[in-house]
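Notes for the one structure printed next.
The values are calculated or read from the model by the stated rules, or taken from the named source; none is laboratory data. As the structure is a computational prediction, the values presented were derived from the model and not from experiment. Positions of Cβ are generated from backbone atoms using ideal geometry, with glycine treated the same way; all protein chains shown enter the neighbour counts. Just the protein is used for accessible areas: all its heavy atoms, side chains included, with ligands, DNA and RNA removed. Shrake-Rupley method; radii C 1.70, N 1.55, O 1.52, S 1.80 Å.
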Amino acid sequence: VQLQASGGGLVQAGGSLRLSCVASGITAFSSWSMGWYRQAPGKQREVVALASRGGSVNYEDSVKGRFTISRDNRKNTVYLQMNSLRPDDTAVYYCKGRSCYAVDYWGKGTLVTVSS
């Protein structure tokens, strides 16, 4: 199983980015719960958004109304649309997949830098 995240970059405050995470080596992506996490310099990794296999989504409070998680099960891909970005959104963003056997897999991160 491999998770490949992409889409990070440098953006000005107020701008937007869309992150993608493609999962390979998975035969039943729709049965996986997927999530986006981030880790800012000097801070612990935190959850940003979760998309369960049942279709429910949850967000960390600071990103509610600004970020949207979605998934395309045909493409084994989960997205994170990030709007109204702020400097405190600067972090390395990671995607995580949890299999139906509750095994977690992490992708390599993608860096998002928001300038003021």
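Name every residue in the stretch 7-25 that is farther than 17 Å from VAL63 by Cβ, open to solvent by 40 Å² or more (accessible area, probe 1.4 Å) and outside any loop (DSSP other than H, G, I, E, B), in order of residue number.
Those that are farther than 17 Å from VAL63 by Cβ, open to solvent by 40 Å² or more (accessible area, probe 1.4 Å) and outside any loop (DSSP other than H, G, I, E, B): LEU10, GLN12, VAL22, SER24.
Among the listed residues LEU85, LEU50, LEU111, LEU80, which satisfies the condition of being farther than 15 Å from LEU17 by Cα and either among the aliphatic types (A, V, I, L, M) or modelled with pLDDT under 95 (or both)? Spell out the reasoning first.
Numbers: LEU85 fails: farther than 15 Å from LEU17 by Cα; LEU111 fails: farther than 15 Å from LEU17 by Cα; LEU80 fails: farther than 15 Å from LEU17 by Cα.
Step by step, each of LEU85, LEU50, LEU111, LEU80 is checked, and only LEU50 is farther than 15 Å from LEU17 by Cα and either among the aliphatic types (A, V, I, L, M) or modelled with pLDDT under 95 (or both).
Within the stretch 70-94, track down each residue that is part of a strand (DSSP E or B) and over 24 Å from SER115 (Cβ atoms).
Just the residues of the stretch 70-94 that are part of a strand (DSSP E or B), to begin with: 70-72, 77-82, 91-94.
Scanning the stretch 70-94 gives SER70, ARG71, ASP72, THR77, VAL78.
Of the residues SER84, SER33, SER70, only one is under 15 Å from the mean Cα position of the chain (by Cα) and in contact (Cβ under 8 Å) with a residue 60 or more places away in the chain; which? Can you show your working first?
Values: SER84 fails: under 15 Å from the mean Cα position of the chain (by Cα); SER70 fails: in contact (Cβ under 8 Å) with a residue 60 or more places away in the chain.
Just one listed residue meets the conditions, SER33.
Given the conditions (1) open to solvent by 50 Å² or more (accessible area, probe 1.4 Å); (2) modelled with pLDDT under 95; (3) in contact with a helix residue (DSSP H, G or I) (Cβ under 9 Å, 6 or more places away or on another chain), report the number of the one that SER99 does not fulfil.
Just one mismatch for SER99, condition (1).
Within the stretch 53-63, does at least one residue satisfy the condition of being in contact (Cβ under 8 Å) with a residue 12 or more places away in the chain and in contact with a Lys or Arg (Cβ under 8 Å, 6 or more places away or on another chain)?
Initial filter on the stretch 53-63 (in contact (Cβ under 8 Å) with a residue 12 or more places away in the chain): 53, 57, 60, 62-63.
So of that shortlist, the ones also in contact with a Lys or Arg (Cβ under 8 Å, 6 or more places away or on another chain) come out as none.
No: zero hits.
Take the residues in the stretch 55-93 that are of a type outside the set (Lys, Arg) and within 17 Å of ILE26 (Cβ to Cβ); name whichever of them is surrounded by the fewest Cβ atoms within 10 Å (Cβ to Cβ).
Step one: of the stretch 55-93, the residues of a type outside the set (Lys, Arg) are 55-63, 65, 67-70, 72-73, 76-85, 87-93.
Remaining after also requiring within 17 Å of ILE26 (Cβ to Cβ): 72-73, 76-79.
Working: ASP72: 12, ASN73: 14, ASN76: 21, THR77: 17, VAL78: 30, TYR79: 21.
For the stretch 55-93, the residue satisfying everything is ASP72.
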